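Worksheet: the structure to be examined is printed underneath.
The values are calculated or read from the model by the stated rules, or taken from the named source; none is laboratory data. Since the model is a prediction, treat every value here as computed from it, not as a measurement. Positions of Cβ are generated from backbone atoms using ideal geometry, with glycine treated the same way; all protein chains shown enter the neighbour counts.
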Amino acid sequence: MRFKRTLHAVIFFAALVLVWHFAVQLLPPSKRLVSPPPLDVWKYLVHATQDGDLFSAAWVTVKRLLIGYCVGVVLGIPAGLLTARFEWAKDTLGVIGLGLQTLPSVCWVPLAILCLGQTEAAMLFVVVMGTLWSVQIAVDNGVRNVPPIYARAAQTMGSRGLHTWYSVILPASLPFIVSGVKQGWAFAWRSLMAAEIYVPILTGFGLGQLLDYGRNLHAMDQVIGIMLVIVVIGLLADKILFSPWERFLHKRWGLVKG
């Protein structure tokens, strides 16, 4: 079954590459500069890998992402639990989170530069702010979606206060919390790309800077190549970090057939 699914995926993506190749061939020569064929993108990726630029930029980006994301999650989960537990927190911190969540990540860049300068701290600030509020809102919604009968059943057996929270509410909301943390990862990626493109930092060049350099040089093979690398890293993160937890929790709570 797994082999069959893998084969279907390989055939699908191979067909996409072929469609891409022939679509470019149908374009006038003047338009091919902005729509490079797959082979040109592949050549760029091979060259960037061989000279080390791609691995160096990917490492800088992933390091920034992990640090900012972890800080955002560490702050966002308690904030979400707080707004789910207390109405005063929902009416204050929850409203702030909902408002700031609608703010595009790139809007944090000017503030970060003015307050922190062209530094790594400015980069991390944008990532944290992009992650924090999405995680807070997801955790809040997850806790509120736990059926009330769980808590009432625990209370009939003597559970009270914090015991009900960490023994019943929190475990029951874990599938939603993991989904929220996964959503925070996506927002962290978007925030970091906005920061790397718009913050002219000199302490390390990430994938966002390579993407912007490709734009400035009108090197569409570089732009598309870096975009593909970003997509691949995101897919690997989902498969390695989040999918195993989601499968375990869904099976644990009977949300899928085990």
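Return yes or no: is LEU228 within 29 Å of ILE77 (Cβ to Cβ), among the aliphatic types (A, V, I, L, M) and assigned to a helix (DSSP H, G or I)?
no
For the structure I just gave you, tell me whether VAL135 is within 30 Å of VAL62 (Cα to Cα), touching a Ser or Thr at 6+ places or on another chain (Cβ under 9 Å), of a type in the set (A, V, I, L, M, F, W, C) and modelled with pLDDT of 85 or more.
In short, no.
Just the residues that are surrounded by 15 or more Cβ atoms within 10 Å (Cβ to Cβ) and closer than 16 Å to ILE233 by Cβ, please, taken from region 55-77.
Selection gives SER56, ALA57, ALA58, VAL60, THR61, VAL62, ARG64, LEU65, ILE67, GLY68, TYR69.
So, GLY225, is that one at pLDDT 90 or above and on the phi < 0 side of the Ramachandran plot or not?
So GLY225 fits the description; yes.
Please work out which one of (1) touching a residue at least 60 places away in the same chain (Cβ under 8 Å); (2) outside any helix (DSSP H, G or I); (3) not hydroxyl-bearing (Ser, Thr, Tyr) is the condition GLY158 fails and give its number.
(1)
How many residues, within region 59-92, are over 22 Å from LEU241 (Cα atoms), part of a helix (DSSP H, G or I), free of Cβ contacts under 8 Å to residues at least 40 places away in the same chain and of a type in the set (A, V, I, L, M, F, W, C)?
Number of matching residues: 3.
Is there a residue in region 115-124 that is out of contact with any Cys (no Cβ under 9 Å at 6 or more places or on another chain), over 15 Å from GLY68 (Cβ atoms), in contact (Cβ under 8 Å) with a residue 12 or more places away in the chain and assigned to a helix (DSSP H, G or I)?
Within region 115-124 (the criterion being out of contact with any Cys (no Cβ under 9 Å at 6 or more places or on another chain), over 15 Å from GLY68 (Cβ atoms), in contact (Cβ under 8 Å) with a residue 12 or more places away in the chain and assigned to a helix (DSSP H, G or I)), the answer is no, since none of the residues qualifies.
Yes or no: region 165-176 includes at least one residue that is hydrophobic (A, V, I, L, M, F, W, C), assigned to a helix (DSSP H, G or I) and touching a Leu at 6+ places or on another chain (Cβ under 6 Å).
Yes, region 165-176 contains a residue that is hydrophobic (A, V, I, L, M, F, W, C), assigned to a helix (DSSP H, G or I) and touching a Leu at 6+ places or on another chain (Cβ under 6 Å).
Quick one: would you say ALA15 is more than 23 Å from ALA186 (Cβ to Cβ), without any contact (Cβ under 8 Å) to a residue 40 or more places away in the chain, of a type in the set (Gly, Ala, Ser) and surrounded by fewer than 14 Cβ atoms within 10 Å (Cβ to Cβ)?
Here the answer is yes, as ALA15 does meet what is asked.
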